[in-house]
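Worksheet: the structure to be examined is printed underneath.
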Amino acid sequence: MKVQSIILGFAAQASGHSIFQKVSVNGVDQGQLKGVRAPDSDYPIQNVNDGAFACNKDLKHLDSTVITVPAGAKVGAWWGHVIGGAQSANDADNPIAKSHKGPIIVYLAKVDNAATAQTTGLKWFKVAEDGLSNGQWAVDKMIANNGWHNFTMPQCIAPGDYLMRVELIALHGAQMQGQAQFYMECAQIRITGSGTNSGSNFVSFPGAYKANDPGIQVNIYDNSGNPYMGGKAYKIPGPPVLTC
């Protein structure tokens, strides 16, 4: 079957992975791995109950920087195929394989000290999400923007230290339970401003998702193998985005 062969072809692209490894604030690049906790491995987590589901596992790049983010700022998260970006010259899978369609989601968790905070037992709330709209996945836009995914930090967020969890979910194999691919890293940020909202609709990682949630176990292909949901809406997993 044509669709089956396309899916198998996508599944074979096992090396088209990605790592979130850089932040920008109002267009200013904060520097490679500055304030971002990242592993060397670009491999995803596929078990939604993995104990490292908050900020990923085997973290090798740990930096004491805490990035200042004014509430209301335009924030960018930069993804690369491997640490540093391209794996080789003309890397077709940088920042990620084009087949790896899916949403990009941003969560915050309030902490006392972002540079030293542990990642277990935190209360996370969603501040931004982008799924499928106008025939484009969030991943499509990120690839077109040379690895940058941009969002606006809500103006109402209370000042203080937070971990910022940026997550990309690749859905090219997600028609089978347990085959969605989760890529996530956490950045250390300090929100400034006069906001008073400390979050709502809190979730835990692991715990926020189930393997059979409609945005996690989902067939994104139509009968011709096009990965855009065949005109159906895509439901982004997790709680609603914070409203100010």
message: What percentages make up the Cα-Cα pair-distance distribution of the stretch 145-244 when the bins are 10 Å wide from 0?
response: 12, 36, 32, 16, 3, 0
- request: Mind running the shape call on the stretch 14-55? Use the C-alpha gyration tensor, a ≥ b ≥ c as the square roots of the eigenvalues: rounded below 1.5 for a/c, prolate if a/b tops b/c, oblate otherwise.
  value: prolate
- prompt: So what is the accessible area of the stretch 172-244 per residue, in Å², with the probe set to 1.4 Å?
  reply: 47 Å²
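What is the calculated FRET efficiency for GLN179 to THR68, with r their C-beta to C-beta distance and R₀ = 45 Å, to the nearest 0.05?
Details: r = 39 Å, r/R0 = 0.86.
Between GLN179 and THR68 the formula returns 0.70.
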task: About the Cα centre of the chain, how large is the charge dipole given +1 on each Lys and Arg Cβ and -1 on each Asp and Glu Cβ? Please answer in debye to the nearest 20.
output: 360 debye
- request: Take every DSSP beta bridge with both residues inside the chain and express the antiparallel ones as a percent of the total, to the nearest 5.
  value: 90 percent
message: At 1.4 Å probe size, put LEU108, LEU59 in order of accessible surface, largest to smallest.
response: LEU59, LEU108
field: Answer label for Kirkwood radius over Cα pairs in Å (calculated), chosen among [x] 18.0; [y] 19.3; [z] 17.5
entry: [x]
query: Counting only the heavy atoms of the protein chains, how much of CYS186 is accessible to a 1.4 Å probe, in Å² to the nearest 10?
result: 0 Å²
query: In nm, to one decimal, how far is the TYR228 label point from the ASN47 one, both placed 7 Å along Cα→Cβ?
result: 3.7 nm
statement: Computed, not fitted: 222 nm per-residue ellipticity of the chain from DSSP H runs ≥ 4 (each -39500 (n - 2.57)), nearest 500, equal to -2000 deg cm²/dmol
query: What FRET efficiency comes out for the pair GLN32/ASN113, r = Cβ-Cβ distance, R0 = 25 Å, nearest 0.05?
result: 0.65
query: Quick one: if the Förster radius is 51 Å, what FRET efficiency do CYS156 and ALA89 give, using the C-beta to C-beta distance and rounding to 0.05?
result: 0.70
statement: Tilt, helix 2-11 to longest principal axis of the chain (alpha-carbon atoms), in degrees rounded to tens, equals 40 degrees
message: How large a share of the accessible area of the stretch 119-173, in percent, is made up of carbon and sulfur atoms when the probe is 1.4 Å and the other protein chains stay in place?
response: 44 percent
- prompt: Which of the residue pairs LYS60/LYS101; LYS74/LYS98; LYS123/LYS232; LYS57/LYS123; LYS22/LYS235; LYS22/LYS126 have a Cα-Cα distance greater than 23 Å in the structure shown?
  reply: LYS60/LYS101; LYS74/LYS98; LYS123/LYS232; LYS22/LYS235
Cβ-based net charge around GLN87, under 10 Å, with every Lys or Arg adding one and every Asp or Glu removing one: -3
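The values are calculated or read from the model by the stated rules, or taken from the named source; none is laboratory data. This structure is a prediction, so every number in the text was calculated from the model and none was measured. Note that each Cβ is placed from the backbone with ideal geometry, even for glycine, and that neighbours are counted across all protein chains shown. Note: accessible area is taken over every heavy atom of the protein model, side chains too, but ligands, DNA and RNA are not part of it. Shrake-Rupley method; radii C 1.70, N 1.55, O 1.52, S 1.80 Å.
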